[in-house]
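Quick note: the coordinates plus some simple rules give every number you see, no bench work behind them. Just so it is clear, the structure is predicted and the values come from calculations on it, not from any experiment.
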Amino acid sequence: MTWWNPFSSTRPPPAAAIAIAADSTPTVNITAHSDLETAASSRPVSPPRPSSSPLRDDAPITTIVAIFPHKQPLLPPTSKLTSAQFIYLFVLDGLGALILSGGINFAIAYAMYTAPQYTTGHPPDKITLWSFPSTLAGDAAVTIILQCLVTWLIELFLVNRDLKTGGVAPVGFLPPWLVDNKAVRWFLSLPPASSSSPPPPPSEKGVTVVSSPGRISPYPGTGSGVLGWASFLFGQAAKSMVVAVVSFLIFWGPTVGLLIAAGRSNGRGDWEYDVTWTPQLFKLILGGVLGLVTTPVMAGVWLVRAGWVMGDNDESEQ
């Protein structure tokens, strides 16, 4: 005899079918698990019986297992760029990075270039375009590299968190030939497209299956232990340098040109600047524009990766 599971979507049996004689009432254990395998391997434990209990020791024992969802499924990939994705990429990430990165770089530049060695030194250090130790051209290069690295790692965790919580849907409309490229697969943290696995289980009632055994996860794996995390972060840092190199080629030259226009030539092939406000405005503009351009690209990488994995376009094993 099995009691009706109150967590089941099926209707309970008629009252007449669950009438039980007092001398044969079964003991019922209700165990709730978030994983079917854990529930199947668990041992039912009967609660202690009072001495006045009419149940016999040989009464049948029934275990009711209630299965609860382990995690919220991802939203299904989109076949085109939706308005929600546009706002997420270009308003929240793009304009948000413009304000946040610009403000942070402005504050850093103010603290750096109004330090005592530039204001009260005897003589004060000069802020120049090329000459060390205070080279704005070198500062621009370092800013581009470090900002791309930090932004890549931040977007890695923020976007995948939003994917897991259903805050944004993956992008699923890229052509297969693009993600079949080895360099693109490396950049998207996808394994080589050389192995295959069984097809994924079908979706049910419009809910897309996130992952299944033998298929890669929509989220990038970090490995286990300290070495696994170190290897993962090193690999992600290498990918961020791809964005940094492209950004350097785009932004560094125009930045130097604007600094030349804003500086005073010293007649020795270099340009000099006051402690305020050229260095601060230079960092504000460079950091803000760099964040505006690169942050949506970095966020889009993880949306594309999740959409590719979930869109039945990838048969690779993890």
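Going down the table (Lys182/Lys283; Lys126/Lys239; Lys182/Lys239; Lys164/Lys239), which pairs top 25 Å between alpha carbons?
Too far apart for the 25 Å limit: Lys182/Lys283; Lys126/Lys239.
I need the P(r) histogram for the stretch 138-194: all alpha carbon pairs, bin width 10 Å from 0 out to the longest distance, whole percents.
So the P(r) values, bin by bin, are 18, 32, 37, 12, 1.
What do the square roots of 5 times the Cα gyration tensor eigenvalues come to for the stretch 83-310, in whole Å, largest first, as semi-axes of the equivalent ellipsoid?
43, 17, 15
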